[in-house]
Amino acid sequence: MFKRSLGVVISCLCMTEAIATPELDNLALSAQLNKSYQTLKSQTQQGKNVRVIARLKPTQQPATYVYRTEKLAKQSQIQARLSEANSELQTLGVKVSRSLPRWGYMTMEVSDTELDALAHSGLFDMISEDTANSAHISASSQHVNAQEAHDMGYSGAGQTIVVFDSGFDVDHPFLGGRVIQEACFSSNATNHDTSLCANGATTGIGPGSASICENEDLNECHHGTHVAGIAAGALTGFSGIAPEANIVGVQVFTRVNHTAICEERTPCLRTYDTDLLAAFNWVIEEVERGALENVATLNLSLGGGQFAGACDDRLLAAPIEELREMGIATVISAGNDYFNGAVGQPGCVSDAITVGGTLRTEDDLLIVRDANGVIDWGTNMSEQVDVLAPGRRIESSIPGPTFETMSGTSMSAPHVAGAIAVLKQINPDASVDRIEQVLESTGINVTDPRNGITRPRIDVHAAALALEGKPIAALDQPSYSVMVGTQTTFTANASSDPNGRTLSYGWDFDGNGVVDEETSQSSAQHTYQNIGSYQMKLTVSNNERSDTTQASVTVYDPVLLSIIISSSLL
């Protein structure tokens with residue numbers, strides 16, 4: 001209760017650290033090596049050279065160190081072993097292209113015989129293909145079908161996402177100069193708390209207020225920059241969920257030097273309810289006076305405590321309710337304590353849209369296990385969770401400017417915040433109730449086996465279709481070849497309406513803009529009397545909106561075709 005009343009922590013990778021950190025998979029040794037070797041072998045046996053990454057086998061650490069820290073000693077030891085391994089690989093005819101001492105990785109391109117030498121050298125416990133991946137945020141946005149919504153013309157343009165978080169690298173190219181306002185709300189307390197606002201003030205408004213990134217030991221701008229990138233990042237080839245939305249960055253954390261609050265890691269970053277309330281108040285006042293326009297949502301990738309039910313008596317419930325009445329959704333991460341039937345606060349507030357986590361490209365709950373298969377951490381789940389979104393190994397922007405993989409429901413929440421900005425572009429007047437209903441009704445259901453709670457993993461494209469209300473016209477074939485003078489049946493069973501409304505079908509068989517037949521059935525019959533090529537058009541309507549598609553039709557005369565073929569053979 002003491003820690004709950006003092007503040008909340010960022011809902012990221014681990015319970016004791018405020019900010020998520022990069023992670024590596026715990027791979028099985030001999031089994032994993034054999035499995036990957038066989039997979040790579042299937043390629044090299046075809047004469048292909050394959051780019052691979054190999055990981056050195058771990059060794060027993062010495063009992064004492066001559067270096068100041070275990071980390072430095074380990075780094076030095078791995079570097080020495082990499083040099084030895086490199087020399088041995090050279091004798092085997094394998095050329096190393098790059099070494100990564102931090103993790104004991106070596107990259108190389110190998111032929112079939114070189115792969116055999118590598119696998120049987122006894123040096124490595126893992127060999128994996130060095131695949132040409134795009135940034136992982138691209139993969140997660142694909143999993144929630146964000147690109148399809150972008151292709152429809154909906155990418156959050158004209159909408160604004162407010163992010164309450166740690167600091168932001170507002171100049172990061174992934175954010176594209178779309179941070180339109182900054183603010184800072186932080187605390188000071190003698191021998192306890194240090195404000196992160198400029199000049200030690202507890203409040204800062206305007207350019208530069210949220211982008212003070214001076215203390216590298218706490219990575220003060222990593223988390224906020226990462227979260228903002230997931231919601232609205234944009235670069236050629238990959239993007240966040242709402243790549244054209246504007247961003248308001250609000251720094252709400254304080255540097256805390258108190259073991260009772262920070263637990264194992266002191267100092268740490270924490271955010272107090274008072275600073276969150278001040279931030280909420282600022283946003284509401286800015287919206288009311290017209291200084292912030294088209295605010296679709298606020299994202300809070302933070303939380304603390306354990307609440308089995310709604311916590312509408314908490315301080316933060318009032319501003320969240322007020323924002324909802326203003327048409328602005330407050331999106332909050334559920335937390336990573338793997339609670340069964342509970343979430344942190346303020347995610348337990350009924351008027352919030354609380355987001356649990358799934359894997360990046362699979363519809364399973366976000367759960368991480370240690371090397372022994374024991375659950376290390378995972379998404380909280382309770383009746384207060386509204387929707388799910390990817391949160392496992394999501395790559396996004398961090399100061400540098402560069403990119404980094406992080407995991408946690410902190411990463412899940414901005415997927416939903418971005419989706420809301422996309423939907424508000426479609427219908428700026430849609431209420432939060434309507435937006436939430438669309439996200440929930442169009443998602444892919446995922447069930448927590450511990451308690452049977454089922455929640456939808458968001459599908460941005462399906463939600464966009466449902467809110468847009470436009471039917472989909474789709475013929476069952478892209479082209480047709482029919483015999484002249486013969487009745488032919490054309491079908492459009494693939495047509496659909498996102499809200500399940502009854503459809504009507506208008507058939508223009510000649511493609512001349514005149515509807516030849518209108519039916520309530522998804523099929524129609526037509527007889528072409530003349531040979532030639534036609535562009536048949538189909539218009540599908542739900543009595544409110546319509547969609548049109550077309551297909552080429554080639555009409556032939558079998559007798560004439562036979563004469564032509566016979567003549568060509570003479």
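Every number here is computed from the coordinates shown, using simple stated rules; none is lab data. In this text, all values refer to a predicted model and were calculated from it rather than measured experimentally. Cβ atoms come from the backbone with ideal geometry, glycine included; neighbour counts cover every protein chain shown.
Do you know the relative contact order of the chain, to the nearest whole percent, from alpha carbon pairs under 8 angstrom that are 6+ apart? Walk me through the intermediate numbers first.
Numbers: 1380 pairs, mean separation 80.4, N = 570.
Relative contact order for the chain comes out at 14 percent.
Give the long-range amide H neighbours of G443: residues separated by 5 or more places, or on another chain, with amide H under 5 Å away, using H modelled in the peptide plane at 1.01 Å from N.
Counting only residues 5 or more places away or on other chains, the set is D459.
Could you work out the local net charge near R455, counting Lys and Arg as +1, Asp and Glu as -1, over the other residues with Cβ closer than 10 Å to its Cβ?
Numbers: positive: R457; negative: E383, D386, E440, D448.
That sum, taken over residues with Cβ under 10 Å, equals -3.
Which residue, V484, P558, Y505, has the largest displacement toward the positive end of the dipole of the stretch 479-569 when charges sit on each Cβ (Lys, Arg +1; Asp, Glu -1)?
About the Cα centre, the residue reaching furthest to the positive side is P558.
Within a Cβ distance under 15 Å of G153, other residues only, what is the Lys/Arg minus Asp/Glu net charge? Intermediate results must be reported in sequence, preceding the final value.
Values: positive: K424, K470, R545; negative: E148, D151, E244, E468, D547.
Spelling it out: positives minus negatives among the neighbours equals -2.
Name the residue from T259, V343, L56 whose Cα lies farthest towards the positive end of the charge dipole of the chain, charges +1 on Cβ of Lys and Arg and -1 on Cβ of Asp and Glu.
Most positive-ward Cα: L56.
From the phi of every residue in the stretch 458-471, what ³J(HN,Hα) in whole Hz does the Karplus formula 6.51 cos²θ - 1.76 cosθ + 1.60 yield, where θ is phi - 60° and glycine or proline is x?
Along the stretch 458-471, the couplings run 4, 10, 5, 5, 4, 5, 5, 4, 5, 6, 5, x, 8, x Hz.
What residues qualify as long-range amide H neighbours of G303, i.e. H under 5 Å apart, gap of 5 or more or another chain, H built at 1.01 Å from N?
V9, I10, S11
HN-Hα J couplings of the stretch 223-240 from phi, Karplus 6.51/-1.76/1.60, θ = phi - 60°, integer Hz, Gly and Pro as x?
After applying 6.51 cos²θ - 1.76 cosθ + 1.60, I find 5, x, 5, 5, 5, 4, x, 4, 5, 8, x, 7, 9, 4, x, 7, 7, x Hz.
As a test, work out the antiparallel percent of DSSP beta bridges whose residues both lie in the chain, rounded to the nearest 5. Show your work: numbers first, answer last.
Values: 69 of 104 bridges.
Bridges in the chain that DSSP calls antiparallel: roughly 65 percent.
Pick the calculated Rg and Dmax of the Cα atoms in Å for this structure from [x] 28.8, 103; [y] 24.2, 79; [z] 25.5, 88?
Here Rg and Dmax of the Cα atoms in Å agrees with entry [x].
Might you report the magnitude of the Cβ-based charge dipole of the chain about its Cα centre, with Lys and Arg at +1 and Asp and Glu at -1, to the nearest 20 debye?
Numbers: 35 positive and 66 negative charges, 339 e Å.
Dipole of the chain, to the nearest 20 debye: 1620 debye.
Mind ranking 443-455, 254-266, 145-157 by how tightly packed they are, going by the mean number of other C-beta atoms within 10 angstrom, highest first? Walk me through the numbers before you get to the answer.
Numbers: 443-455: 15.0, 254-266: 16.6, 145-157: 20.8.
Descending packing order for the listed peptides: 145-157, 254-266, 443-455.
Determine the sum of side-chain charges near L175: Lys and Arg each +1, Asp and Glu each -1, restricted to other residues whose C-beta is under 14 angstrom from that of L175.
On the way: positive: R178; negative: D165, D169, D171, E182, E244.
Net charge around L175: -4.
How many times 2.2 N^0.38 Å is the alpha carbon radius of gyration of the stretch 479-569? Please list the in-between numbers first.
Numbers: Rg = 15.9 Å, N = 91, 2.2 N^0.38 = 12.2 Å.
This ratio for the stretch 479-569 stands at 1.30.
Name the residues whose placed amide hydrogens come within less than 5 Å of the amide hydrogen of F124, ignoring near sequence neighbours (fewer than 5 apart) on the same chain.
Residues meeting the amide H criterion: K57.
Relative to the longest principal Cα axis of the chain, at what angle does helix 409-426 sit, 0 to 90 degrees, rounded to 10?
That works out to roughly 40 degrees.
Grab the DSSP H runs of the chain that are 4 residues or longer, score each as -39,500 (n - 2.57), total them, divide by all residues and round the 222 nm result to the nearest 500 deg cm²/dmol. Write down the numbers at each step before the final one.
Details: 14 runs with 154 residues, N = 570.
Result for the chain: -8000 deg cm²/dmol, rounded to the nearest 500.
Taking the beta-carbon count within 10 Å as an exposure proxy, list F168, F339 from fewest neighbours to most. Walk me through the intermediate numbers first.
Numbers: F168 33, F339 19.
So the ranking, lowest neighbour count to highest, is F339, F168.
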